[in-house]
1. Of all residues in the stretch 190-211, how many are touching a strand residue (DSSP E or B) at 6+ places or on another chain (Cβ under 8 Å), within 16 Å of the ligand (Cβ to nearest atom) and over 19 Å from LEU410 (Cα atoms)?
2. Residues to consider are ASP82, ASP58, ASP65, ASP87; find the one that is crowded, with 18+ Cβ neighbours inside 10 Å and either among the hydrophobic types (A, V, I, L, M, F, W, C) or within 16 Å of the ligand (Cβ to nearest atom) (or both).
3. Look through PHE368, PHE390 and report the one residue that is within 16 Å of the ligand (Cβ to nearest atom), in a helix (DSSP H, G or I) and either closer than 24 Å to LEU161 by Cα or touching a strand residue (DSSP E or B) at 6+ places or on another chain (Cβ under 6 Å) (or both).
4. Which of the residues that make up the stretch 239-261 are out of contact with any Asp or Glu (no Cβ under 6 Å at 6 or more places or on another chain), more than 16 Å from the ligand (Cβ to nearest atom) and not hydrophobic (A, V, I, L, M, F, W, C)?
5. Across the stretch 172-186, which residue is surrounded by the fewest Cβ atoms within 10 Å (Cβ to Cβ) among those that are farther than 21 Å from GLN385 by Cβ and either within 16 Å of the ligand (Cβ to nearest atom) or acidic (Asp, Glu) (or both)?
6. So, in the stretch 376-411, how many residues would count as being surrounded by fewer than 18 Cβ atoms within 10 Å (Cβ to Cβ) and touching a Ser or Thr at 6+ places or on another chain (Cβ under 6 Å)?
7. Could you say whether any residue in the stretch 226-245 is buried (at least 21 other Cβ atoms within 10 Å of the Cβ) and under 17 Å from the mean Cα position of the chain (by Cα)?
8. With respect to GLY214, determine if the residue is surrounded by fewer than 18 Cβ atoms within 10 Å (Cβ to Cβ), small (Gly, Ala, Ser), within 16 Å of the ligand (Cβ to nearest atom) and in the same structural domain as MET164 (by TED's automatic domain parsing).
Amino acid sequence: MRKLFFGLILAVALVWGAAAAQTVTVAAGAVGQELELVQAAAQRYMEANPGVTVNVLDTPDLADDRLGLYLQFFEAESSEIDVYQIDVIWPGDLAVHFVDLYDYGAGEVVDQHFDAIVENNTVDGRLIAIPWFTDAGLLYYRTDLLEQYGFAGPPETWTELTEMAQTIQDGERAAGNTDFWGFVWQGNAYEGLTCDALEWIASNEGGRIIEPDGVITVNNPNAIEVIELAASWVGTISPTGVTGFAEEDARLMFQAGNAAFMRNWPYAYSLGQEPGTAISGLFDVSPLPAGDVPGGRPAATLGGWQLGVSAYSNNPELAADVALFLASYEEQKIRAVEGSLNPTIQPLYEDPEVLEAAPFFGALFDVFINAVARPSTITAPNYAQVSSAFYTAVHDVLTGAEDAETAMALLELDLQAMTGFPTGTP
Ligand code: GLC
């Protein structure tokens, strides 16, 4: 009897253990349609792999909040999450918490992906994460309103944008839409502001905050000038509340038809074009404006997300299989067509179905290829602190708490203390 009892317990434990081992939990983003897309992909994986359960855990929208959550799991060495969706800026900071995907078959597929992203995700020769989708900042503009107000095309410089936004806003308000704004963007104190502000600075010949060779350049007149210009938008062509805006706040306002221009990532395109939205068929995307200085040219911050397998996973093999499936050619194609999420696999930019759904993947290919990286590799494992110091300083200027000259001088001192890097000109 006792033997039977223990036998039963053992059998239950074995079955339970096997079942647990066949479950993979993926921590994923939920901005726009992201969650629905990854849930559908998980379903496809499960249909092709009976006996495996793929759970999707949705995580906070703001990159900083998501990182905070991940760090709690890592600190506990938790095996609860097997696959993490990680930002393009995190491989350096988080490398120790991920397995080397080359140990789990990534070598066979890695060459399909853009070299620069693979390089970004490689730390000490280890592939920390497989590229999933890439991102670059774009200017969304209302084609109908540009025509109505006599503008031939989207603005080429920030000054032009400022003037066009003001003209359209004045006109729309006079016509009765008191909720209308000229320009919406990401002004909250978080990673998104680092992206927007890097675009202003890089487009104005003001460098990249910290250059790839480890020189702090952010305290320069071109950077100061363009941050002052951005501060002048707050409460004029942009709502005062823009200093609390993230991606979704800007998208919802633009999508409701209440803004002439928006800075956002590609995901907002397919949502805006969905039949039934106020702006479907009434907007397009272009490169962001250039700075007004001689030599100024458009700059888009490089964004994007990868899939890494936790070093604390109980089943890294299966987890890696799920990650590689999610990042595969077929799956990236579905995400591109349904969610205008940019593939990391070049031939998908020539795929007719992809181009039909997101024509700008072809037209703006150069923008995606030439996007400006944030200084995450050179400052790893301290990028998160560097970025936080940067966006806090910029946010202080946007809210009027500090002038740009003082803010950049203080930031330079902070960055020096944080990194030990020298200062120089961009
Ligand atoms: C987007 C980008 C990511 C960036 C974030 C900032 O999700 O892909 O790289 O850090 O926006 O909000």
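The values are calculated or read from the model by the stated rules, or taken from the named source; none is laboratory data. Keep in mind it's a predicted model, so treat the numbers as computed, not measured. So basically every Cβ, Gly included, is an ideal-geometry build from the backbone, and we count neighbours across all protein chains shown.
1. Number of matching residues: 5.
2. On the way: ASP82 fails: either among the hydrophobic types (A, V, I, L, M, F, W, C) or within 16 Å of the ligand (Cβ to nearest atom) (or both); ASP58 fails: crowded, with 18+ Cβ neighbours inside 10 Å; ASP65 fails: crowded, with 18+ Cβ neighbours inside 10 Å.
None of the others qualify; the one that does is ASP87.
3. After ruling out the rest, the residue left standing is PHE368.
4. PRO239, THR240, GLY241, GLN255, GLY257
5. Within the stretch 172-186, the match that is surrounded by the fewest Cβ atoms within 10 Å (Cβ to Cβ) is ASP179.
6. Qualifying residue count, the stretch 376-411: 1.
7. The answer is yes, given that some residue of the stretch 226-245 is buried (at least 21 other Cβ atoms within 10 Å of the Cβ) and under 17 Å from the mean Cα position of the chain (by Cα).
8. Details: surrounded by fewer than 18 Cβ atoms within 10 Å (Cβ to Cβ): yes; small (Gly, Ala, Ser): yes; within 16 Å of the ligand (Cβ to nearest atom): no; in the same structural domain as MET164 (by TED's automatic domain parsing): yes.
Taking the combined requirement at face value, the residue does not satisfy it.
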